[in-house]
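Let me begin by presenting the structure, written as C-alpha cells, before commenting on it.
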Amino acid sequence: MFERIRSRLGRGSQQTGAAVAEGNIPRHVAIIMDGNGRWAKTRGLPRVAGHHSGMKTVKRITMAASELGVEYLTLYAFSTENWKRPKAEVEFLMKLPQEFLAIELDELIENNVQVRMMGYKEDLPDYTLDAVEQAVRRTAGNTGLVLNFALNYGSRKEMTDAVRMLCEDAAAGLIRPEEITEKHFEARLLSNGIPDPDLLIRTSGELRISNFMMWQLAYSELWFTDVYWPEFTEAHFHEAIGEYQRRTRRYGGL
C-alpha cells in the first residue's frame, strides 16, 4: 500500500510530474520535515547544518502553500521525543525558531501569514518561547495562511491529557460520561480550532507518522517522498498537491 503512495521522485530530484489544478486545494497540509541530519551527513557536514538548511525550506514551502490557497500549514518542528537527542543538537534546534522569525517575520506579515504554535510551552527555553509568542502576537490579525508550528508536540501526550481533562470534568459533574462525544474530545486537543489535515507529507523516505496528530490524521491522505527536507522544493510540494487532487476521499463510504 505504502509503495503506491510513495513519491516517484528520486532523492534530490527537482522535477515534478504533476501540475496543480484549479480547485480542490487541500485546506490543511501537515508536514513531517524529516531528513535534515542525513542530508548533512551525505555532504560531510554536521547534523546542525542540515537543520539550518531545512529552515530555508520552511520559508519556501510556506510561500508556496500560501500562493496555492492552502489555509493551514502545520510543520512538525520538534517532538516531545526529540529531547532525547544530544544536548548540543537540542540547543541548536531550540535557537532555530528565534533565528527564523528574526529573519522572516516581517515578510510573513507582509504576506498576511498568521503564526501559531501547537505544543507544550512549559519545557521550552525562554528565548524560544519569547520568539514564537512575539510572532503569534504580531501576526494575530492576519487573515491569510495559518503557519502552525508543532513545537514540543507529541500526540500520545496530547490525547492522554484530553482524556484526563474529560475525566476531571466528569468527576466535577460538568459532563456525564455517556454524553461525551468526539467533539468534546477534540475540543481538548492542542489542535482545537484547526481543521484536521487533508494531506500529510513526510520527507526522507520514512513511512510512519511518528506520534504526530494521530487522532487528526484518521482520514488524511498520506504522501511520502525520498527527498530530504533541505532539498524539498516548490516542485515537490506541487507534486504532492497534484497527487492529492487525483485521489477520491471516501471517509469510509463508497
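Read-outs: derived from the displayed coordinates by stated rules, not from any lab. All figures in this text were calculated on a predicted structure; none of them were measured in a lab. Cβ placement follows ideal geometry from the backbone for every residue including glycine, while neighbour counts extend to all protein chains displayed.
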Log10 I(q)/I(0) at q = 0.14, 0.15, 0.33, 0.34 Å⁻¹ for region 110-154, from Debye over equal alpha-carbon scatterers, is -0.32, -0.37, -1.17, -1.20
Quick one: Debye curve from the C-alpha atoms of the chain, no solvent, what's log10 I(q)/I(0) at q = 0.07, 0.09, 0.16 Å⁻¹? -0.25, -0.41, -1.28
Where labels lie 7 Å past Cα in the beta-carbon direction, separation of Leu207 and Leu254 in nm: 3.0 nm
Report, ordered by chain and residue number, the lysines lying within cross-link reach of Lys56, taken as a straight Cα distance under 30 Å and ignoring same-chain residues fewer than 8 apart. Lys41, Lys84, Lys87, Lys95, Lys121, Lys157
Starting at 0 and stepping by 10 Å, how many percent of the alpha carbon pairs of region 14-138 end up in each bin? 11, 40, 35, 14, 1
To one decimal place, what Kirkwood hydrodynamic radius in Å is obtained for region 57-206 from all pairs of distinct Cα atoms? 17.0 Å
Assuming 1.002 mPa s and 20 °C, estimate D for region 165-254 with Stokes-Einstein, Rh taken as the Kirkwood radius over Cα pairs, in µm²/s. 136 µm²/s
Label-to-label distance, nm, for residues given as Lys87 and Lys59 (7 Å Cα→Cβ offset): 3.2 nm
Could you order the peptides 45-54, 168-177 from most to least packed, using the average number of other C-beta atoms within 10 Å per residue? 45-54, 168-177
For the chain, what is the mean residue ellipticity at 222 nm derived from helices alone (per DSSP H run of n ≥ 4: -39500 (n - 2.57); sum divided by total residues; nearest 500 deg cm²/dmol)? -13500 deg cm²/dmol
